[in-house]
Amino acid sequence: MNAPVPPQRKIVHVDMDAFYASVEQRDRPELRGRPVLVAWRAKRSVVCAASYEARSFGVHSAMPAARAERLCPDAVFIAPDFTRYRAVSMQVRTIFRRYTDRVEPLSLDEAYLDVTRNKQGIPTATDVARRIRADIKAETELVASAGVAPNKFLAKIASDWRKPNGLFVIRPHEVEAFLSPLPVSKLPGVGQATAISLDELSIETVNDLRERPLEELIVRFGKFGRRLFELARGIDHNAVKPHRPRKSLSAETTFDKDRLLGDLAPVIEALAERVWRQHDPGARRARTVVIKLKTSDFRIVTRSKTPASPPASFSDLNATALALLARIDLPERTRYRLAGVGLSNFREPEGTALQPQLF
């Protein structure tokens, strides 16, 4: 007797548009329609979020605040208020759980939802996404974009397709046609180094990648070659994983050009902000802060610290990360191609500590 065929998964990715800046504009009507930058106005500060009015000047998150001000001199700077942003995020997650318990938050402003079977008995994932977006608008006065697809990576690409305040659906029979013309850089896990390697093979689009045999990709990229082979065909078996115990949090970036240590403080701040956005200040709290650097000759350098009190705010995390950066003692002329910030050693309510591998 043949095993029953599982139903086609229906995944929704919801992404709040310009979340921090939108919360500020909602709560302060005088800011509506004006370019708003959520950032500290300091020499080495970076932009945490930019309103769409500011983005039209070329400003984006993680940009040095000084450069953002040069691009948009009339921008209004607002210091981040993560407590308020978390409260709104919890309100949005409550809306999600009216429709499904299978919710996997990625950060304060985005989440995956598996609505293959939803609590409301709504027949299509598209209608579920429409109702969620309508609920968010009605109850928070904020807008969200959503992507609907048969798996997670496609849903995430789709949610960005009609931003802001958009909904885009990739149906199962549309996957190949949608993916084929996309640049390979759109695929998850394809960073700068992998993109360069693919370009050396004359692989620029997903369609180019799909034409390469699995064996060739494995020889060139190892285990990730199989992942590339599957992504090019729209295959992603990763399930939405709600209530995952947090083992570690990290964010890293690879630079277009190698940088000196003295140029890295704004980068560390931006990475710390990305990590803190993902941090859930519930019972489990991270005790250890880690920074990671990779030199131009691919040496990995890490520094870590477990302060007496766990980081309780973005400012705590950022200050510790910058202090760790000051402990890097390689020659002054050393250049770096990658930087990362992480949290680990999460403490369970009972006091059990976990200290997994980061990055």
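What follows draws every value from the coordinates through simple rules; no lab data is involved. Keep in mind it's a predicted model, so treat the numbers as computed, not measured. Heads up, the Cβs are rebuilt from the backbone with ideal geometry, glycines too, and the neighbour counts pull from every protein chain shown.
Observations, loosely collected:
- Whole-number percent relative contact order across the chain, with pairs defined as alpha carbons under 8 Å at least 6 apart: 15 percent
- Here the sum of -39500 (n - 2.57) over DSSP H runs of 4 or more residues, divided by the residues of the chain, equals -10000 deg cm²/dmol at 222 nm, to the nearest 500.
- Karplus-derived HN-Hα couplings along region 149-163 (A = 6.51, B = -1.76, C = 1.60, θ = phi - 60°), whole Hz, x at Gly and Pro: 7, x, 8, 5, 5, 5, 4, 5, 4, 5, 5, 8, 6, 10, 5
- Applied to region 134-142, the Karplus parametrisation 6.51 cos²θ - 1.76 cosθ + 1.60 on θ = phi - 60° returns per-residue 3J(HN,Hα) values of 5, 5, 4, 5, 5, 9, 10, 6, 10 Hz, with x for Gly and Pro.
- 5 angstrom amide H check on Phe77, placed H, neighbours 5+ away: Leu37
- Residues whose amide H comes within less than 5 Å of that of Thr334, counting only those at least five positions distant or on another chain, are absent (H built at 1.01 Å from N in the peptide plane).
- Take every Cα pair under 8 Å whose residues are at least 6 apart in sequence, average their separation, divide by the length of region 192-294, and the relative contact order is 19 percent.
- Counted without the sites themselves, the longest stretch of the chain free of GluC sites (Glu not before Pro) in a DSSP loop having at most 15 other beta carbon atoms within 10 Å is 1-140.
- For region 223-233, the Karplus equation 6.51 cos²θ - 1.76 cosθ + 1.60, evaluated at θ = phi - 60°, returns couplings of 4, 5, x, 5, 4, 4, 4, 6, 4, 4, 9 Hz by residue, with Gly and Pro reported as x.
- Ordered by the count of other Cβ atoms within 10 Å of each Cβ, fewest first, Met63, Met16, Met90 give Met90, Met63, Met16.
- Centre separation in Å (Cα based) which lies between region 199-241 and region 33-95: 36 Å
- For Thr205, nonlocal amide neighbours, meaning residues 5 or more places apart or on other chains whose placed amide H falls under 5 Å from its own, are Val184.
- The smallest convex shape that holds all Cα atoms of region 147-230, its convex hull, gives 92 Å³ per residue.
- Convex hull volume of the Cα atoms of region 20-80, normalised per residue: 63 Å³.
- Too-long pairs where the Cα-Cα distance tops 31 Å, listed order kept, from Lys156/Lys257; Lys223/Lys294; Lys163/Lys305: Lys163/Lys305
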